[in-house]
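As structure tokens, the structure follows; a few thoughts come after it.
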Amino acid sequence: MTNKIIIGLLIFLLVLVGGFGYFTYTFHQQVNLMREELNMSRSEQAAQTEAVRGELMSLLSELQTGLNNLGTEIDENTAHTVLLEDKVDANLATIDTLEERVSGNAERLDTVTQELAETTELAGSVINAHDVYRKASKAVVRISNGQRTIGSGFVYDPEGHILTAHHVIDKLDKIYVIISDGRIFPARVIGSCAFSDVAVLKLDDEPGIEPPEMADSSNIRVGDPVAAIGSPFDLVESLNTGVVSQVNRFAEIEYNGQTRWVASLVQFDAAVNFGNSGGPLLNSSGGVIGLVIARVEPGEGDGVYYAVSSNKVKRVADAIITQGYFEYPWLGVDISDLTPQQVQDMGLKSINGVIVSRVVSGSPAQTVGVRVKDIIIAIEGIEMRNVAQLTSYLGEYLSPGESATLTVIRGTTTIDISLEVGLRK
């Protein structure tokens, strides 16, 4: 029994020793396998590390090369920058020099411009009478009753309209127009305006003569040179020169024993006489600035002659050609220039303006409440210094049916009064 136990123990120990030996062998094999795998992994990691190191070294080399190139470019750009700065400095210096030159030239230009303006102004104060005569004389005509020269006129347009003074053709039974080349044309009256002393004639045939330019009379200045062409005392195509003495005159003119007031007159001192009426008053360029109508009689004085302004003439003539008549504007008041005594008595600051002495019953002025002793100082905001200026403005710029605003001093108050311009009967 004891031997069996011992033999069983020995077998157990043998099995145990064998199992332990197998375990030890197997463990050793696994350890060797793990060691081999570890070594292999280390080799792979070393290879990968070497590869990464190579790539890094390559990148570092390229980066270094790039940095070196960048440094070179920076050096070159710095050199360029310095060069550009030098050029900029040089250009700035050039600009400063140019500015000095420009400033000097500007001063010279101002001087030249001033000299040119003075020269132009001086030239404008001198008239080349020969040149003016050459330009305009062919368009100047004689007005005849068939027996003698009654007055002058001039070609207005290519259609054969002739302008002359109303008083020249008034009451003529027959009218003949004699042009500069000697041809004679019967003429008929298209229409006329006694208040403006302007008449329009029409020739049956076109004369083939270029009309002179109708200049803007609002640009006339006192002292401007003028020339008048006409046939005084039948002395055909006579030329006289002078200067503008004043504008916007309002004068009482006597015609054949009758008198009437005419506005929008240019006063001048170029000698004109009987036979000049209806002829053109010309500026230094040969443009028409007026239609000659009158002179102060020698017994009263000398050197005072009148022409209706070209703007007024053109307005009247165009209306007559279009509709056969000119509608003369009317306010319906009698007015006069202020006197120094009136200015003092009424406590006014200036003598400029016109005083109303009568308001016509039923007139535009009465309708809106204009009163006697009202002082009209402006129309449409434009200052009216006297009767001459007011009547000239009325005839040149306003028409019946239009609205106008009068600025009036009434007592110590200044008011605006709007009215509708009427028609002068």
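The values are calculated or read from the model by the stated rules, or taken from the named source; none is laboratory data. Keep in mind it's a predicted model, so treat the numbers as computed, not measured. Glycine gets a Cβ as well: all are built from the backbone with ideal geometry, and neighbour counts include every protein chain shown.
The table below lists the values:
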{"item": "Residue match in the stretch 370-391 (condition: assigned to a loop (DSSP other than H, G, I, E, B), touching a strand residue (DSSP E or B) at 6+ places or on another chain (Cβ under 7 Å), modelled with pLDDT under 95 and hydroxyl-bearing (Ser, Thr, Tyr))", "result": "no"}
{"item": "Qualifying residue in the stretch 125-146 (condition: of a type outside the set (Phe, Trp, Tyr), under 27 Å from residue 424 (Cβ atoms), without any contact (Cβ under 8 Å) to a residue 40 or more places away in the chain and in a helix (DSSP H, G or I))", "result": "no"}
{"item": "Within the stretch 176-284, strands (runs of 3 or more DSSP E) holding 2 or more residues that are of a type in the set (Asp, Glu)", "result": "238-255"}
{"item": "Condition broken by residue 160, with the remaining ones in (1) under 30 Å from residue 318 (Cα atoms); (2) out of contact with any Ser or Thr (no Cβ under 7 Å at 6 or more places or on another chain); (3) modelled with pLDDT under 85 satisfied", "result": "(3)"}
{"item": "Residue list for the stretch 139-165, restricted to those being surrounded by fewer than 19 Cβ atoms within 10 Å (Cβ to Cβ) and more than 25 Å from residue 255 (Cβ to Cβ)", "result": "157, 158, 159"}
{"item": "Unique match (being touching a strand residue (DSSP E or B) at 6+ places or on another chain (Cβ under 9 Å), small (Gly, Ala, Ser) and buried (at least 20 other Cβ atoms within 10 Å of the Cβ)) among 271, 227", "result": "227"}
{"item": "All positions within the stretch 376-392 that are small (Gly, Ala, Ser) and either assigned by TED's automatic domain parsing to the domain that holds residue 250 or surrounded by fewer than 17 Cβ atoms within 10 Å (Cβ to Cβ) (or both)", "result": "381"}
{"item": "Among (1) over 40 Å from the mean Cα position of the chain (by Cα); (2) polar (S, T, N, Q); (3) farther than 26 Å from residue 254 by Cβ, the one test that residue 219 misses", "result": "(1)"}
{"item": "Check on residue 243, modelled with pLDDT of 90 or more, aliphatic (A, V, I, L, M) and crowded, with 19+ Cβ neighbours inside 10 Å", "result": "no"}
{"item": "Candidate set from the stretch 296-317 (those that are modelled with pLDDT under 85 and not acidic (Asp, Glu)); member that is farthest from residue 397 (Cα to Cα)", "result": "299"}
{"item": "Residue 206 on the phi > 0 side of the Ramachandran plot and either in the same structural domain as residue 160 (by TED's automatic domain parsing) or buried (at least 20 other Cβ atoms within 10 Å of the Cβ) (or both)", "result": "no"}
{"item": "Hey, residue 152 within 33 Å of the chain's Cα centre (by Cα) and touching a residue at least 60 places away in the same chain (Cβ under 8 Å) or not", "result": "no"}
{"item": "Positions within the stretch 414-425 being surrounded by fewer than 14 Cβ atoms within 10 Å (Cβ to Cβ), within 31 Å of the chain's Cα centre (by Cα) and in contact (Cβ under 8 Å) with a residue 24 or more places away in the chain, in sequence order", "result": "418, 420"}
{"item": "From the options 182, 191, residue that is free of Cβ contacts under 8 Å to residues at least 12 places away in the same chain and of a type outside the set (A, V, I, L, M)", "result": "182"}
{"item": "Candidates 411, 353, 395 - the one that is surrounded by 20 or more Cβ atoms within 10 Å (Cβ to Cβ), at positive phi and not assigned by TED's automatic domain parsing to the domain that holds residue 262", "result": "353"}
